[in-house]
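Each remark here refers to the structure printed beneath this line.
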Number of protein chains: 2
Amino acid sequence: MAKEIVSRSENYSQWYNDLVVKADLAENSAVRGCMVIKPYGYAIWEKIQAQLDKMFKDTGHVNAYFPLFIPKSFFSKEASHVEGFAKECAVVTHYRLKNSPDGKGVIVDETAKLEEELIVRPTSETIIWNTYKGWIQSYRDLPILINQWANVVRWEMRTRLFLRTAEFLWQEGHTAHATSEEAIEETKKMLDIYAEFAENYMGIPVLKGRKSPNERFAGAIDTYCIEALMQDGKALQAGTSHFLGQNFAKAFDVKFLNQEGKLDFVWATSWGVSTRLMGALIMAHSDDNGLVLPPKLAPIQVVIIPIYKGKEQLGDVAVKAEEIKKELLKRGISVKYDDRDTHKPGFKFAEYELKGVPVRLALGQRDIENNTIEVARRDTLEKVTVPINDVVNYIATLLDEIQENIYKKAFDFRQKNTIEVNTWDQFLEAIEKGGFIAAHWDGTTETEEKIKELTKATIRCIPLDSGFEKGNCVYSGKSSDQRVIFARAY
Amino acid sequence: MAKEIVSRSENYSQWYNDLVVKADLAENSAVRGCMVIKPYGYAIWEKIQAQLDKMFKDTGHVNAYFPLFIPKSFFSKEASHVEGFAKECAVVTHYRLKNSPDGKGVIVDETAKLEEELIVRPTSETIIWNTYKGWIQSYRDLPILINQWANVVRWEMRTRLFLRTAEFLWQEGHTAHATSEEAIEETKKMLDIYAEFAENYMGIPVLKGRKSPNERFAGAIDTYCIEALMQDGKALQAGTSHFLGQNFAKAFDVKFLNQEGKLDFVWATSWGVSTRLMGALIMAHSDDNGLVLPPKLAPIQVVIIPIYKGKEQLGDVAVKAEEIKKELLKRGISVKYDDRDTHKPGFKFAEYELKGVPVRLALGQRDIENNTIEVARRDTLEKVTVPINDVVNYIATLLDEIQENIYKKAFDFRQKNTIEVNTWDQFLEAIEKGGFIAAHWDGTTETEEKIKELTKATIRCIPLDSGFEKGNCVYSGKSSDQRVIFARAY
């Protein structure tokens, strides 16, 4: 099976698509730009959801649900928001179909036209702030710390599975605060949670930073983001957290009585990650044999494959395999014992390699006689033979080791592919190689757009943890106080 | 707070609506027929989801995700399905807005008209079976046991929070099988799971049965359901499980090579429950003081309210309260310690009564001196004083007792309100009283519709567990082999 995947060096983009489809993660649907997330892909998404949901709740957030549809007029209330979101979207204009007069199928019933069109939500700030208006009177009603797990629709013209689809799944946090400081603190707190999740669970090192004004969320005062580097040297924005100031409170007239007894507009944040994370996960670690999954997000952490000739042999092997499975489950390790007799071991090996199962055990009659078992790890493709009695402890340690190794490999790759450049020639050379480019920028949108036009590189972020450094803009030569990160991006 | 709720006897319908809104479960949104599910309501839904999801997975099902949009033409492929679903629905006709020429807001861009309209899914059989066509070639690919958690839209003209909304949340299982027998077995298995969930978790006794042909799901060969009785004597359909035969496989041309090497159409089931269950949960148990929640689905099982005068007193009480909270948490019992000093104890008592928290503890300085604590249970409103050292064990037992008592109360109510009638006069009298009416029916749609026209009563189900009994139809007098259940319904 694995052979059907194009190699990364041959065609990276095709490799990604092959992987998503062949590893049973997702496929294109009959509806343009919308994907079907298949059970194996969805199981990974469920792991992502469960962990993030826990982290949100541990920091005081609660879930709620707001309508799928947003009245068209809501979008016009926040001037920059409408420019960013209300253009390419799915518009509901009618609420009824009727039988076609020619008897062939159904047609739209023109008498059932909505007075005001409804937009399928591309993001929910407007409907949520319209709702918050009814919930907030005084500082006692604040903060509101709400998250929503939902589907959203943005009518993208060029789509790619997980990375850019017309419909996608995500979570969107929408919080309301009494002060600017508290809202900014929340914005940063959620960015930290996203970074922690990306690094400790997905095994992907990320840069934390702020977006340039040009790349800000439509309606935000400030947009923070985490940026990851993929194996082809392109950047991927993996999550964003926005400080919205009082923009939406003003647009929807949400005022509160503060502790001094004065009316003020409420301060807001919003933050989100989506099924795009699946794309990052796939591209950051996988190889030409298929997926490589970090153990913490793998739906199956260990697969046991019996090697046998006759059914008699399977008997012994099956007993031992079930025993190991039981012990692993006791340790909270997920295991699949694959004793299908419709497929040969070699076929199964390739299948689980393709699907990125972190650890594979192969167990045959001879192993039982020798009291040994073969353990193969997916990340390095190494195989070792270990005493069968030690195998459970061995695996528990190995899973941690794999999780760390995957992160380390991605971290080393990023280190090797992050370069400081100081001249325009160096910039042009570096951008062709790919990777993160740390360069001085004069802070103007004009220069940013000129660089994008010439090189397709965008400012991924203004890093939070790099300090003041005097320099000259790599393009205009004007003075600059900090390096920013440029890259071509997904 | 609780005082603001109209009593059941005064206006049952208003009581329900007051309860949903005042207990912070949900509210109407700015979009006609769509609700906002508030954090407390959503927390109950999350508990429902988590338990059902576990039961589905324990029986071999996996989750996946299919597109929100369905091409219009898909609905016409299954003749009866289109009649049932493609009429009242949200239709997407355009994919872009543009600035209005008058500068006021945005308007639909008429140049961005879809070639084929998209329907916001009212249910997903069509898009899923169109997808399954690509997944199924041989009996080795079967069964497919997939569930989806999703939002769906049906353009209802008269809506009520949770019970009937234009958009609602649900799960829809869609399975594919090699034989009719296996599909029927699956249909019944899922009905059993729904019944088990309703009775053991929601505390609601349900009748399991089959729908009459008239009430079947559009596209099904047979529809099974669970029916619950609400306190006003009206029935509520709480879940359905459909045997779809080969109808959708034929509509979407999904064939497989069976074990004999012959091509055959695939057999299907679908089954679902929705946020409507929230309506059932609220109406089945609650009283004029507010919600009554079964402990197994209560987001907060125990609330601790400190009774104190000075801050000095709170010190002692707080230490003890935190100690009890910690012990309860250790036992897996969810607890909230409410030490807000902005509200008096009496206000808090009313608030948690309204919100249906199963157990309330009140703890003051005098209790600490006496080594006692006051325990109030929400279902019976009884209060007892127990030794403080026993309180954790006491509560663990009490929660089970409350769960059982809530079920028993609902069961007794249903017993008292289920009546066998044998004449039309008895039927007319009984239907005015409300409740389940067990009566003979001649099996014709004509009689069923006539009875509905005259009394607004429908056949809720043909019970699975009542056996053969010779009789005469309560309306037509024609012969009948079994009693069926009539009621007015939500």
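Which angle between 0 and 90 degrees, to the nearest 10, do you get for helix A:39-58 versus the longest principal axis of chain A when only C-alpha atoms count? It is inclined by approximately 60 degrees.
Taking every DSSP helix (H) stretch of at least 4 residues in chain A, weighting each as -39,500 (n - 2.57) and dividing the sum by the residue count yields a mean residue ellipticity at 222 nm of -11000 deg cm²/dmol. Loop-located trypsin sites (Lys or Arg not before Pro) in segment B:260-341 (DSSP state not H, G, I, E or B) with no more than 15 neighbouring Cβ atoms inside 10 Å: B:Lys262, B:Lys309, B:Arg331, B:Arg340.
Among beta bridges from DSSP that stay inside the protein assembly as shown, the antiparallel ones total about 85%.
Taking N as the number of residues in segment B:418-487, what is its Cα Rg relative to 2.2 N^0.38 Å?
Numbers: Rg = 10.7 Å, N = 70, 2.2 N^0.38 = 11.1 Å.
Computed over Cα atoms of segment B:418-487, the ratio equals 0.96.
Grouping the Cα pair distances of segment B:44-105 into 5 Å bins from zero gives a pair-distance distribution of 3, 12, 12, 11, 10, 14, 18, 9, 5, 3, 2, 1 percent in increasing distance order.
Applying a threshold of 18 Å to the alpha-carbon distances of A:Lys57/B:Lys38; A:Lys98/B:Lys72; A:Lys57/B:Lys336; B:Lys326/B:Lys383 flags B:Lys326/B:Lys383 as lying beyond it.
Considering Cα pairs under 8 angstrom that are at least six residues apart, work out the relative contact order of segment A:380-490 and quote it in whole percent. The partial results should precede the final answer.
Values: 146 pairs, mean separation 27.9, N = 111.
After rounding, I find 25 percent.
Shown for B:Asn405: label points 7 Å from Cα along the beta-carbon vector, and their distances to the equivalent points in the other copies, 5.8 nm in ascending order. Relative to the other identical copies, B:Glu449 shows label-point distances of 6.6 nm, where the label point lies 7 Å from Cα along the Cβ direction and values run shortest first.
To the nearest 20 Debye, how big is the dipole of chain B about its Cα centre, given +1 on the beta carbon of each Lys and Arg and -1 on that of each Asp and Glu?
Result for chain B is approximately 660 debye, rounded to the nearest 20.
Applying both filters, DSSP loop and at most 10 other Cβ atoms within 10 Å, to the GluC sites (Glu not before Pro) of segment B:94-142 gives B:Glu110.
Cα centroids of segment A:463-489 and segment A:390-441: 21 Å apart. This ranking places B:Phe349, A:Phe248 by how few other beta-carbon atoms lie within 10 Å of each, fewest first, which gives B:Phe349, A:Phe248. Taking the fewest neighbouring Cβ atoms within 10 Å as the starting point, the ordered list for A:Val106, A:Val62 is A:Val62, A:Val106. Ordering B:Gln365, B:Gln137, B:Tyr194 by Cα displacement along the dipole of chain B toward the positive end leaves B:Gln365 in first place; charges were set at the Cβ atoms of Lys, Arg (+1) and Asp, Glu (-1). The count of lysine pairs in segment B:418-487 whose Cα atoms are under 19 Å apart, excluding pairs fewer than 8 places apart on the same chain, comes to 5. Between A:Asn200 and A:Lys470, the modelled labels are 4.1 nm apart [label points 7 Å from Cα along Cα→Cβ]. Net charge in the neighbourhood of A:Lys54 (other residues with Cβ under 13 Å of its Cβ; Lys, Arg +1, Asp, Glu -1) is -2. Among rounded, prolate and oblate, which fits segment B:100-231 when a ≥ b ≥ c are the square roots of the eigenvalues of its C-alpha gyration tensor, a/c under 1.5 means rounded, and a/b larger than b/c means prolate? Here segment B:100-231 falls in the oblate category.
State to the nearest 20 debye the size of the charge dipole of segment A:296-413 about its Cα centre, where the only charges are +1 on K and R beta carbons and -1 on D and E beta carbons. Working shown, then result.
Values: 20 positive and 20 negative charges, 64 e Å.
Charge dipole, segment A:296-413, about its Cα centre: 300 debye, nearest 20.
Normalising the average separation of contacting C-alpha pairs (under 8 angstrom, six or more residues apart) by the number of residues puts the relative contact order of segment B:1-67 at 16 percent. The dipole here belongs to the protein assembly as shown: it is taken about the Cα centre, uses +1 on the Cβ of Lys and Arg and -1 on the Cβ of Asp and Glu, and is about 540 debye. If you take the Cα centroid of segment A:289-321 and the Cα centroid of segment B:268-302, the two points sit 42 Å apart. Applying both filters, DSSP loop and at most 10 other Cβ atoms within 10 Å, to the GluC sites (Glu not before Pro) of segment B:370-432 gives B:Glu382. Cross-link partners of A:Lys211 among aspartates and glutamates, defined as those whose alpha carbon lies under 13 angstrom from its own and excluding same-chain residues fewer than eight positions apart: A:Asp222, A:Glu227, A:Glu448.
Between helix B:391-416 and chain B, what is the angle of the helix's C-alpha long axis to the longest principal axis, kept within 0 to 90° and rounded to the nearest 10? Roughly 50 degrees, rounded to the nearest 10.
Along the positive direction of the dipole of segment A:386-457 (beta-carbon charges: Lys, Arg +1; Asp, Glu -1; about the Cα centre), which of A:Thr444, A:Tyr407, A:Asn417 reaches farthest? Among A:Thr444, A:Tyr407, A:Asn417, the one farthest towards the positive end of the dipole of segment A:386-457 is A:Tyr407. The long axis of helix B:345-354 is offset from the longest Cα principal axis of chain B by roughly 20 degrees. Note on chain B: dipole from Cβ charges, positive end direction compared against B:Tyr95, B:Cys473, B:Ile119; the farthest Cα belongs to B:Tyr95.
State the percent of C-alpha pairs, over all pairs in the protein assembly as shown, separated by a distance greater than 45 angstrom. Present the calculation step by step, with values, prior to reporting the outcome.
Working: 181908 of 479710 pairs.
Within the protein assembly as shown, distances greater than 45 Å cover 38 percent of Cα pairs.
Counting Cα-Cα pairs of chain A in 20 Å increments starting at 0 gives whole-percent bin shares of 20, 47, 27, 5, 0.
The value given for segment B:1-70 is a Kirkwood hydrodynamic radius of 15.0 Å, derived from the mean inverse Cα-Cα separation. Cα centroid separation, segment A:13-79 to segment B:40-74: 14 Å.
Quick note: the coordinates plus some simple rules give every number you see, no bench work behind them. Nothing here was measured: the structure is a model prediction, and the numbers come from that model. Reconstructed Cβ throughout: ideal geometry from the backbone, glycine too, with neighbour counts over all protein chains shown.
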